[in-house]
Amino acid sequence: MLTRLSQRAVLILVLALAACAEQEPFATDYREKYPVQVTSETVSLALSVQEAAGSMTPDDELRLRVMVAGYLDRGHGPLTLVAGMRNSAPSFAELDAIREKLLAAGVPESSLRFVSLPQLPGNVVTLRFERYNALVPTCGDWSSHPGHDYSNNVHSNFGCANQRNMGLMLADPADLQRMREASPTDTQNSNRVIQRYRKGEPPAATPTSLQIQGGTGIVKQ
């Protein structure tokens with residue numbers, strides 16, 4: 001038989017365990033607590049169409065170079081040229097001149113799209129493309145005790161710096177949405193290495209001309 005004091009102690013223990021069971025589970029994974037979010041945005045640039053085909057103001061030339069560099073670095077999908085139809089619409093020669101500038105800057109021809117909208121003024125051509133940005137967490141939450149935590153929770157700031165630094169170092173935040181396609185392998189070179197290994201010869205691969213010259217061989221699409 002339990003004494004009345006023992007019964008009270010057991011009751012208190014049961015209530016304490018029930019209270020713990022009712023608590024919502026806390027996030028122990030720092031990737032859930034401090035996620036790196038990815039958002040998409042449309043980058044656009046409006047260029048004034050000059051009377052002389054191919055002519056462009058120095059400011060527009062600079063803005064165009066900056067935009068093309070951004071597209072080749074982090075752009076996704078096509079680079080769309082939107083032209084209007086009202087008030088002296090741009091001629092094919094003027095649009096073709098802008099197209100030649102884009103091709104000369106390194107934009108693949110397969111990535112260019114042309115759209116004509118009658119409701120827009122004809123003296124402006126707008127370039128658009130999609131890119132992704134990373135939203136990194138803000139760190140500095142030192143509210144929890146650094147030495148111990150009776151709830152067995154991780155520190156309030158644990159993992160935040162790692163997530164923030166990773167988000168800031170991303171070459172392209174779209175990599176968090178989907179992985180990139182693997183580049184094709186050099187089957188002949190791989191087979192040559194295997195055959196040398198089987199013969200007991202040094203299995204070093206034969207460098208390509210780009211590797212000998214110090215090039216990377218990477219072509220941005």
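The values are calculated or read from the model by the stated rules, or taken from the named source; none is laboratory data. Just so we're clear, the structure is a prediction, and the values are computed from it rather than from any experiment. Because the Cβ atoms are built from the backbone with ideal geometry, glycine has one as well, and the counts that use them run over all protein chains shown.
Observations, loosely collected:
- Among residues that are surrounded by 15 or more Cβ atoms within 10 Å (Cβ to Cβ) and among the basic types (Lys, Arg), residue 180 is not included.
- When every residue of segment 108-128 is checked against the conditions, at least one turns out to be assigned to a strand (DSSP E or B), under 23 Å from residue 48 (Cβ atoms) and either hydroxyl-bearing (Ser, Thr, Tyr) or out of contact with any strand residue (DSSP E or B) (no Cβ under 9 Å at 6 or more places or on another chain) (or both).
- Count - residues of segment 151-175 that are of a type in the set (A, V, I, L, M, F, W, C), surrounded by 10 or more Cβ atoms within 10 Å (Cβ to Cβ) and not in a helix (DSSP H, G or I): 3
- Residue in segment 176-199 that is at pLDDT 75 or above, under 28 Å from the mean Cα position of the chain (by Cα) and in a helix (DSSP H, G or I) present: yes
- Screening segment 33-74 for residues that are exposed (fewer than 11 other Cβ atoms within 10 Å of the Cβ) and at pLDDT below 90 and picking the one that is nearest to residue 128 (Cα to Cα) gives 59.
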